[in-house]
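Peer 1: To start, I am sharing the structure in question, which I have written as structure tokens.
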Ligand code: CTP
Ligand code: MG
């Protein structure tokens with residue numbers, strides 16, 4: 001069985017707590033609500049007026065052969081239709097406008113909130129789910145704001161007016177119309193229950209479909225490399241079939257419900273004609289009243305039928321808002337201190353003091369890690385994959401918080417700084433370079449207009465990216481697609497170096513990619529790294545030991561612990577882990593050289 005997710009929250013059709021919170025979003029647009037209600041009163045009041053006018057036309061104008069009043073009433077009927085059309089236009093326009101403005105605000109709020117969340121949250125939340133919140137869920141709230149709330153109000157209003165007119169015309173006939181209501185309510189009740197269940201299945205299978213699609217398209221190269229298309233297609237067909245069947249099921253209930261309402265309303269009309277007709281024979285009722293009643297009865301069923309649709313809008317919206325609020329209430333954030341220490345002129349001394357850290361409770365990834373890096377020094381961290389190297393720099397950038405120990409920069413505990421100030425001094429060039437869609441230029445300055453073009457070019461020149469950039473058709477304005485698809489690994493690496501240089505941080509962290517590049521690019525990258533490191537405190541996580549032989553200190557990590565620390569020569573002399581690593585790589589190089 002597939003694991004159920006929050007996409008399946010069934011939701012009540014009405015939850016006063018959620019509604020209250022939703023209404024806070026309407027607050028800034030109060031004037032639209034007032035306008036909508038005002039228009040509503042007109043629209044809802046006009047429709048029930050027409051059968052009454054028809055009654056007068058039949059009973060008075062036609063019965064008395066009064067052409068003048070007949071013309072007048074016809075004109076009145078026409079005018080009311082016209083007026084209603086204009087009002088309807090305004091109503092639709094303003095409610096939609098309000099809905100769009102509200103969901104605009106919501107999307108901004110969600111995005112800004114998500115940006116603040118700590119990495120820990122993203123470790124456990126699939127991206128697809130967050131995207132769904134900003135798109136699908138917000139969209140279903142639009143329906144609530146633009147048609148739901150106001151229209152429910154208008155439907156109730158129409159029903160009320162129809163009641164008033166019906167009862168003032170004829171008590172018996174009103175009772176006849178109402179006599180089919182129990183059957184109608186029962187049908188509606190059944191329909192709601194079934195549709196609710198079907199709807200849950202639809203959502204569930206849609207979520208499955210989305211995430212499957214997203215993952216397979218994201219990993220399309222793997223799928224193709226391993227010739228898994230056929231298998232993936234079959235799996236997709238299966239999920240798609242479940243989704244289709246769930247949809248068909250919900251369509252089925254709709255297909256049954258609408259004719260049922262139609263039959264019930266026709267039944268009521270037939271009863272009225274039969275009973276009212278008898279009364280007309282007896283002359284205890286006028287033809288006009290009978291005629292008006294037929295119209296009222298038909299008019300009466302429409303909002304009732306629509307109400308069940310509104311019910312679905314409400315329910316979808318409640319479920320969506322519950323999910324949205326859950327995301328907005330997510331408070332996995334790393335807080336800034338109340339009284340932050342504003343670092344002055346940073347020299348760049350880094351200290352780790354007995355730092356212990358676990359991503360998940362009880363599984364220590366770093367154990368009692370202590371080291372000091374003097375300003376301007378370059379320190380290398382080496383160790384097998386999973387040893388905890390990247391974790392060290394994640395802590396230094398405060399993406400996560402250690403369970404024990406402290407991390408100091410120039411003697412200031414990083415917990416006492418604002419994250420913003422901290423991250424301004426640090427620049428991390430990550431293992432997997434991430435480029436954004438946009439130009440080469442915007443990928444170097446990250447749209448920071450304070451970094452002038454000359455500085456961008458200078459940075460690119462220094463890291464040796466200039467050569468390939470000038471070879472691009474649009475040079476610095478060349479568009480880079482999602483994740484930098486157009487560029488090679490090495491080129492992406494150089495761009496990320498240029499980014500670091502352009503930002504000119506006090507502390508530079510380099511998480512070297514394991515992927516190897518061709519010799520020419522390798523030389524470019526090595527030279528770029530040399531330029532990057534000079535004049536600042538640097539931490540280099542290197543897989544190629546050639547990169548780090550000149551560093552001031554090498555830290556050897558093993559399973560979350562520091563096992564060795566010293567210069568290249570000192571560590572070789574020790575004949576420990578580093579020595580073994582070095583020998584292994586040295587042997588590799590010998591093999592590639594002779595090959
Ligand atoms: N880990 C985790 N949750 C994360 C990241 C890492 O539980 N979000 C765990 C990994 O399973 C690993 C340990 O933390 O066992 C250390 O990970 P990391 O510091 O990333 O290891 P590195 O030394 O950087 O490994 P590599 O050389 O492969 O980059
Ligand atoms: Mg790593």
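Peer 1: In contact (Cβ under 8 Å) with a residue 60 or more places away in the chain and part of a helix (DSSP H, G or I): which single residue out of 240, 221, 312 fits that description?
Peer 2: 312
Peer 1: Okay, next question. Which pairs turn up if I take residues in region 96-113 that are without any contact (Cβ under 8 Å) to a residue 40 or more places away in the chain and look for partners that are part of a helix (DSSP H, G or I) with beta carbon separation below 9 Å, at least 6 apart in sequence or on another chain?
Peer 2: Going by the 9 Å Cβ cut-off, the qualifying pairs are 107/134; 107/135; 107/138; 111/134.
Peer 1: Checking residue 320 against (1) part of a loop (DSSP other than H, G, I, E, B); (2) surrounded by 20 or more Cβ atoms within 10 Å (Cβ to Cβ), only one condition comes out false. Which one?
Peer 2: Residue 320 satisfies all of (1) part of a loop (DSSP other than H, G, I, E, B); (2) surrounded by 20 or more Cβ atoms within 10 Å (Cβ to Cβ) except (1).
Peer 1: Restrict the check to region 326-337 and report whether at least one residue is surrounded by 19 or more Cβ atoms within 10 Å (Cβ to Cβ) and at pLDDT 90 or above.
Peer 2: Yes; the residues of region 326-337 include at least one that is surrounded by 19 or more Cβ atoms within 10 Å (Cβ to Cβ) and at pLDDT 90 or above.
Peer 1: Sticking with this structure for a sec: Could you pull out the residue among 486, 593, 492 that is more than 16 Å from ligand 1 (Cβ to nearest atom), within 35 Å of the chain's Cα centre (by Cα) and modelled with pLDDT under 80?
Peer 2: 486
Peer 1: In addition: Take residue 184 and tell me if it is at pLDDT 85 or above and either touching a helix residue (DSSP H, G or I) at 6+ places or on another chain (Cβ under 7 Å) or outside any helix (DSSP H, G or I) (or both).
Peer 2: On the way: at pLDDT 85 or above: yes; either touching a helix residue (DSSP H, G or I) at 6+ places or on another chain (Cβ under 7 Å) or outside any helix (DSSP H, G or I) (or both): yes.
Criteria met by residue 184.
Peer 1: Using the structure shown, decide if residue 461 is at pLDDT below 80, over 28 Å from residue 394 (Cβ atoms) and surrounded by fewer than 21 Cβ atoms within 10 Å (Cβ to Cβ).
Peer 2: Against the criterion (at pLDDT below 80, over 28 Å from residue 394 (Cβ atoms) and surrounded by fewer than 21 Cβ atoms within 10 Å (Cβ to Cβ)), residue 461 does not qualify.
Peer 1: Looking only at region 398-428, count every residue that is within 16 Å of ligand 2 (Cβ to nearest atom) and surrounded by fewer than 21 Cβ atoms within 10 Å (Cβ to Cβ) and tell me the total.
Peer 2: So the answer is 2.
Peer 1: Of all helices (runs of 4 or more DSSP H) completely enclosed by region 94-176, which ones contain at least 1 residues that are crowded, with 20+ Cβ neighbours inside 10 Å and touching a helix residue (DSSP H, G or I) at 6+ places or on another chain (Cβ under 9 Å)? Can you show your working first?
Peer 2: Working: elements: 119-124, 127-132, 138-143, 149-169.
Result: 127-132, 138-143, 149-169.
The values are calculated or read from the model by the stated rules, or taken from the named source; none is laboratory data. Model, not experiment: these values are computed from the prediction. Note: ideal-geometry Cβ built from the backbone for every residue, glycine included; neighbour counts use all protein chains shown.
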